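J.: Dropping the structure in here first, questions after.
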Amino acid sequence: MCPAGRTASPSRSSPWIHPRRRRAPLAELDRTSVERQFSTDLVAPAFLAQGALDALEETGGTIVNVSTAASLTTQGFPDNAVYMAAKAGLNQFTRARAVELAPRGIRVVSVAPGVTDTGIGQRLGMSDDQYQGFLEQISQRIPAGRVATAEEVAWWITTLAEPGGSYLTGAIVPVDGGLSLT
C-alpha cells in the first residue's frame, strides 16, 4: 500500500515491499500501521517460537525466521523505517534466542531474502508493465543479474532446517544474489 495520494511505481517502490504494511514518511505514520508492522514482523515470530518450544526441544528442531536482506545494509530506505526496524529487531531476536536456546538443542537462524519475484507489485497496485520494469531495473543492481524466485528462497528455508545444518545457529543468511554486498 502507498501513502494517500501516492501510487506505486518502479521509481518510488522499494524492492523490500510487504503487503501488510503501509510505507510512509515519519509525518504520515499512524499508530495502527506501526503496530501492525511490528506485530507481523517481530511479535508474531516471537510468540510462534514460544508456542513451539516443547516440540522443538523434543525434536531438536530449528526456528527459521524470515528477515530481509535490506536489514543487513547500512543504507536507509525512505518511507521504510518501521519495516526496517522490525526486521532489524527480528535479526537481533534470532541471535539472542540462538544463544538462549542452544543448550536446549534448538537452533535459531534467519533467511534474509532480497528482491524476490512474488507478484507483490501487482498486489500493491502496479500494472504488469510497471512491475516488470521494476524487476528489470533492480536486476541491474544485483550482482547475480536477476531477482530470486520464491522457490529459491523456500529452498534456503527448508535447507537451513535440515539436520545436516546442526552446527549453524544465530546466523542471518542473505539470499539476495549479492545485493547486500554492494
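The values are calculated or read from the model by the stated rules, or taken from the named source; none is laboratory data. Quick caveat, the model's predicted, so the values are computed rather than measured. Because the Cβ atoms are built from the backbone with ideal geometry, glycine has one as well, and the counts that use them run over all protein chains shown. The accessibility values were calculated without ligands, DNA or RNA, using every heavy atom of the protein model including side chains. Shrake-Rupley method; radii C 1.70, N 1.55, O 1.52, S 1.80 Å.
J.: Taking the Cα atoms only, what angle lies between the long axis of helix 128-139 and the longest principal axis of the chain, rounded to 10 degrees?
T.: Compared with the principal axis, the helix lies near 60 degrees.
J.: I'd like to check one number: the per residue accessible area of segment 49-163, probe 1.4 Å, reported in Å² as a whole number.
T.: Values: 5750 Å² over 115 residues.
For segment 49-163, the solvent-accessible area averages 50 Å² per residue.
J.: When only DSSP loop residues count, what GluC sites (Glu not before Pro) in segment 18-76 have their Cβ near at most 15 other Cβ atoms within 10 Å?
T.: Numbers: sites: Glu28, Glu35, Glu57, Glu58; in loops: none.
Nothing satisfies the criteria.
J.: Please give, to one decimal in nm, the separation of the simple spin-label points placed at Leu26 and Arg141, each 7 Å out from Cα toward the Cβ.
T.: Once both label points are built, they end up 2.2 nm from each other.
J.: If the elastic network links every pair of Cα atoms under 10 Å, which of Ala88, Ala150, Ala98 fluctuates the most in the Gaussian network model of the chain?
T.: Ala150
J.: Once amide H atoms are built 1.01 Å from N in the peptide plane, which residues 5 or more positions from Val173, or in another chain, come under 5 Å H to H?
T.: When sequence neighbours closer than 5 places are left aside, the close amide H contacts are Ser110, Val111, Ala112.
J.: Using the 2.2 N^0.38 Å rule of thumb for compact globular proteins, work out how the chain stacks up: its C-alpha Rg over that value, please.
T.: Details: Rg = 17.1 Å, N = 182, 2.2 N^0.38 = 15.9 Å.
In units of the globular-protein estimate, the chain measures up at 1.07.
J.: Mind checking which of Arg23, Arg123, Arg31 has the largest fluctuation in a GNM of the chain, springs on alpha carbons under 10 Å?
T.: Among Arg23, Arg123, Arg31, the largest mean-square fluctuation in the Gaussian network model of the chain belongs to Arg31.
J.: Still on this structure: In segment 79-119, if the dipole is taken from +1 on Lys/Arg beta carbons and -1 on Asp/Glu beta carbons about the Cα centre, which of Ala112, Leu101, Asn91 is farthest to the positive end?
T.: Among Ala112, Leu101, Asn91, the one farthest towards the positive end of the dipole of segment 79-119 is Leu101.
J.: Moving to a separate point now. By the gyration tensor of its Cα atoms, with a ≥ b ≥ c the square roots of the eigenvalues, what is the shape of segment 33-92: rounded for a/c under 1.5, prolate for a/b over b/c, or oblate? Write down the numbers at each step before the final one.
T.: Details: a/c = 4.66, a/b = 1.98, b/c = 2.36.
In terms of gyration-tensor shape, oblate.
J.: Compute the helix-to-body angle for 150-161: its Cα long axis versus the longest principal axis of the chain, expressed 0 to 90° and rounded to tens.
T.: 20 degrees
J.: Ranked highest first by average number of other Cβ atoms within 10 Å, how do 110-116, 163-169 line up?
T.: Working: 110-116: 24.6, 163-169: 11.7.
Most protected by this proxy first, the peptides run 110-116, 163-169.
J.: Carbon and sulfur atoms: what percent of the 1.4 Å accessible area of the chain do they account for? Please report the intermediate quantities before stating the final value.
T.: Details: 5500 of 9660 Å².
The C+S portion of the solvent-accessible surface of the chain is 57 percent.
J.: Give me the extension gain from Phe47 to Asp117: residue separation times 0.36 nm, minus the current Cα-Cα distance, reported in nm with one decimal.
T.: Full extension from Phe47 to Asp117 adds 22.3 nm.
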